[in-house]
Amino acid sequence: MCKKIRCSVLMVLFLFGVSHIQAQTECELALTLATDEFNAGHLYGIPAMLSDCLNKNQNDEWRQRAYLLLTETYLLLEDPIGAENSYLEVLRANPEYVTDPQRDPIDLVYLSKKFTATPIFEFYAMLGPNTSPIRVIHDVTIGGESQTKQSYKLRLGWQMGAGLNYNYNNNVTFSAGFSYVFTGFQHITNNLFGPNKDIVEFLDRQTWATLPLTVKYGDDEGKIRPYTYVGYSLNFLLRDKGILNVFNRDSRMSSTNGLGEELSSADNETPNLNLNSHRRRLNGSFLFGGGVKYKYKLDFFFVDLRYALGTKNIANTENRFNNYAEGLPYPYVDDDFRLDNLSISIGYVHPFYKPRKLKKPRTKSVFRFINRQRNATDQS
């Protein structure tokens with residue numbers, strides 16, 4: 001029973017494939033015959049010859065050729081509405097179709113300058129690593145000794161985001177997005193409470209929701225298109241977790257001989273500490289960046305490099321000296337500092353092409369071409 005069902009399904013698929021290929025062959029033949037009729041000057045019957053195939057789900061390449069033939073036919077028949085409607089269908093089949101004065105009739109080139117299919121909106125998504133340099137505003141220490149040394153180390157984070165682009169024109173784009181950003185840094189204190197004494201390592205990890213708004217300027221031609229942008233980002237801190245490692249190097253007096261005895265260094269690690277109350281939750285950054293887009297068919301892939309310059313002190317100064325855990329006075333206190341971010345992302349852009357008639361036709365280039373051709377003819 002199962003074998004019979006399987007064979008029936010395969011037979012249906014085979015017949016469907018054969019009928020589809022046959023339909024494509026018939027439509028290709030119809031387009032060839034219509035082209036021959038056009039070349040012979042028999043114009044009135046061409047729309048009827050192509051109408052049945054145009055109502056079917058033909059591939060975009062065939063539809064582009066068919067509607068181009070119809071556009072030229074309607075132009076010769078002095079039917080401007082038919083020509084405009086047909087050329088719109090050309091752009092729906094291939095949003096990036098461009099006429100060529102050296103190849104196409106000049107009336108078709110002139111008509112094409114009244115239309116565009118450039119995308120007004122685009123969707124993008126991106127993902128990549130980042131790191132967060134610290135810019136200290138005011139250095140704060142626990143012990144206050146001059147020998148105490150503090151330093152920051154970079155930690156690797158990551159981000160993912162998506163958003164919409166609005167293309168003001170072919171070169172200028174306004175973008176609004178949403179990103180989920182994971183950042184972190186490490187703060188190291190040496191010689192706490194005296195030379196060669198305690199070492200405190202503090203690892204801070206933040207989770208942000210950001211709303212980047214940018215203005216971008218980029219190239220609009222070629223496979224590889226560089227761009228640059230500036231903007232501002234609203235950053236909301238969702239969560240801040242920290243871990244302290246304390247290496248105790250204190251000495252004590254021995255009860256047996258009264259001599260100083262050095263304690264061995266020990267790694268005393270705290271559990272995850274909730275630092276939300278020690279941070280300002282709402283922050284902002286100025287954005288500077290650039291990248292390169294690579295065109296693949298009608299979409300784009302890109303590599304983006306961005307620097308976010310923090311604008312606010314993210315440390316909550318009112319809670320600076322509060323214990324991170326009740327009853328446990330950990331030997332660490334925040335500096336006043338701004339958190340920057342350097343990120344690199346790879347991403348994808350999907351344009352929403354919209355064939356439409358322009359309010360202001362771009363026909364000046366056609367007249368310039370005609371004048372050049374006329375001058376060349378006169379000189380010869």
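Quick look at the numbers
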{"item": "Given (1) open to solvent by 20 Å² or more (accessible area, probe 1.4 Å); (2) not in a helix (DSSP H, G or I), index of the condition GLY128 fails", "result": "(1)"}
{"item": "Those strands (runs of 3 or more DSSP E) lying entirely in segment 298-365 with at least 1 residues at pLDDT 95 or above and under 28 Å from GLU61 (Cα atoms)", "result": "299-310, 341-352"}
{"item": "When residues of segment 236-247 are limited to those that are touching a Lys or Arg at 6+ places or on another chain (Cβ under 9 Å) and open to solvent by 10 Å² or more (accessible area, probe 1.4 Å), the one modelled with the lowest pLDDT", "result": "ILE243"}
{"item": "PHE123 modelled with pLDDT of 95 or more, farther than 26 Å from HIS278 by Cα and of a type in the set (Phe, Trp, Tyr)", "result": "yes"}
{"item": "The one condition in (1) at pLDDT 95 or above; (2) open to solvent by 70 Å² or more (accessible area, probe 1.4 Å) that ILE134 fails to fulfil", "result": "(2)"}
{"item": "Verdict on ARG280 being modelled with pLDDT of 90 or more, out of contact with any strand residue (DSSP E or B) (no Cβ under 7 Å at 6 or more places or on another chain) and open to solvent by 40 Å² or more (accessible area, probe 1.4 Å)", "result": "yes"}
{"item": "Looking only at segment 181-230, and only at residues there that are in contact with an Asp or Glu (Cβ under 8 Å, 6 or more places away or on another chain) and either small (Gly, Ala, Ser) or not in a strand (DSSP E or B) (or both), the one that is modelled with the lowest pLDDT", "result": "GLY194"}
{"item": "Subset tally (residues that are surrounded by 19 or more Cβ atoms within 10 Å (Cβ to Cβ), of a type in the set (A, V, I, L, M) and within 37 Å of the chain's Cα centre (by Cα)) for segment 76-116", "result": "6"}
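The values are calculated or read from the model by the stated rules, or taken from the named source; none is laboratory data. Everything numeric here is computed off the predicted structure, so don't read it as measured data. For neighbour counting, all protein chains shown are included, and Cβ atoms are generated from backbone atoms with ideal geometry for every residue, glycine included. Ligands, DNA and RNA are excluded from the accessible area calculation, which covers all protein heavy atoms including side chains. Shrake-Rupley method; radii C 1.70, N 1.55, O 1.52, S 1.80 Å.
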